[in-house]
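What follows is a short report on a single structure.
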Ligand code: S3P
């Protein structure tokens with residue numbers, strides 16, 4: 001863990017950056033490639049620690065994954081039992097989706113991860129997979145290690161208690177090899193990347209009365225997959241562009257999938273227009289997103305309900321923006337954030353308070369008191385908890401401080417955005 005000092009912005013952020021490949025879609029490209037018939041070529045892949053964890057686990061399961069730069073060639077086939085425990089690193093998506101893949105295979109595996117991942121809830125995937133016929137053992141507290149013995153599965157009707165794309169995807173991936181039909185319904189629509197990719201890979205997946213309907217006994221067909229840029233990574237650049245006066249920052253090639261568009265919706269409510277250019281449509285819709293600080297300044301907004309699901313990973317940086325919005329921004333219905341790479345409600349609140357912001361913590365959210373003219377307190381050291389999105393959110397906040405801000409760990413951004421500090425410097429002309 002290496003500390004990083006972030007200096008206040010020297011001048012406006014101007015220019016274009018292509019954020020790295022979408023993390024969710026990169027995981028799925030590798031996992032679906034591994035179970036597909038044929039050879040999948042994924043381009044624009046995110047080369048970062050989390051996706052590397054998925055690739056390493058697949059290799060340990062005997063899958064041929066050849067990865068150079070941002071391109072991976074994956075040859076689908078049977079999986080074999082791993083010799084060791086599968087190390088998912090910091091990646092909840094790897095652990096939960098891979099458990100779904102393994103549920104329908106006649107082999108045993110144990111999935112582990114770093115200290116953060118070993119604290120995260122796993123019953124949410126174990127429960128439906130057990131109902132489908134897999135044997136899934138968890139540690140006391142229903143956390144990892146996840147020990148799975150897969151085999152013959154039967155499709156179920158699964159009414160998910162929470163909107164989670166990881167849980168939904170685990171059940172769909174298991175359902176591919178199940179006998180009978182698997183049906184999944186969630187309380188509100190979480191990101192639909194798995195559904196889009198499955199259909200693009202010729203899997204029959206219907207929708208009826210709010211249920212996803214997946215007939216079992218199907219195998220995806222390999223195809224070329226172009227991974228768009230990650231809106232959750234773009235969010236930090238766009239937020240920085242909104243906070244520093246005179247900026248004109250753009251993020252190219254970003255997926256504008258409506259199930260991920262919460263950030264754009266909240267920014268609109270805060271008085272900041274996000275301009276879309278170069279729109280294109282493939283498996284995912286994409287666009288270049290551009291922002292300039294609104295003339296009248298940002299205004300406070302309410303962030304709650306389904307909107308939270310569409311902006312779940314952007315809440316830390318939205319809380320930073322809220323500190324500069326006129327009025328009090330209320331974030332609610334976001335208790336899930338306590339179960340991410342860190343307790344993001346607690347540690348965003350702690351970090352913002354250290355920077356001089358008045359924040360009230362609620363069980364499911366935050367109240368952030370904003371002031372467009374605010375200058376944050378420099379000279380402080382902030383705790384990132386090794387959480388990539390906290391580090392980047394605090395890095396953006398530091399641009400508006402009265403002196404350098406130290407992050408206890410600047411390297412953890414490598415989990416999802418290894419080039420983040422460089423891209424931020426590039427936009428500042430560095
Ligand atoms: C993800 C789903 C979300 C998100 C995570 C990635 C995915 O988690 O927070 O960063 O790739 O499916 P949940 O499914 O737990 O909400």
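Observations
- Taking (1) surrounded by 17 or more Cβ atoms within 10 Å (Cβ to Cβ); (2) more than 16 Å from the ligand (Cβ to nearest atom) in turn, residue 314 satisfies each apart from (2).
- Candidates 41, 51: the one that is over 20 Å from residue 103 (Cβ atoms), more than 16 Å from the ligand (Cβ to nearest atom) and either modelled with pLDDT under 95 or outside any loop (DSSP other than H, G, I, E, B) (or both) is 41.
- Wholly within region 172-254, strands (runs of 3 or more DSSP E) carrying at least 2 residues that are under 24 Å from residue 160 (Cα atoms): 181-185, 206-208, 211-215
- Of the residues screened, residue 36 is one that is out of contact with any helix residue (DSSP H, G or I) (no Cβ under 8 Å at 6 or more places or on another chain) and buried (at least 20 other Cβ atoms within 10 Å of the Cβ).
Residue by residue, here is whether (1) buried (at least 23 other Cβ atoms within 10 Å of the Cβ); (2) away from the ligand (no atom under 15 Å from the Cβ); (3) outside any helix (DSSP H, G or I) holds:
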| residue | (1), (2), (3) |
| --- | --- |
| 296 | no, yes, yes |
| 328 | no, yes, yes |
| 352 | yes, yes, no |
| 366 | yes, yes, yes |
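- Of the residues making up region 157-207, just one is more than 16 Å from the ligand (Cβ to nearest atom), surrounded by fewer than 19 Cβ atoms within 10 Å (Cβ to Cβ) and touching a residue at least 60 places away in the same chain (Cβ under 8 Å), namely 200.
- Filter result (outside any loop (DSSP other than H, G, I, E, B) and within 16 Å of the ligand (Cβ to nearest atom)) within region 1-32: 21, 23, 24, 25, 26, 27, 28, 29, 30, 31, 32
- Qualifying residue in region 85-104 (condition: over 25 Å from the mean Cα position of the chain (by Cα), more than 16 Å from the ligand (Cβ to nearest atom) and either buried (at least 17 other Cβ atoms within 10 Å of the Cβ) or outside any helix (DSSP H, G or I) (or both)): yes
The values are calculated or read from the model by the stated rules, or taken from the named source; none is laboratory data. All values reported here derive from a predicted model rather than from experimental measurement. Neighbour counts are summed over all protein chains in view; Cβ atoms, including those assigned to glycine, are modelled from backbone coordinates with ideal geometry.
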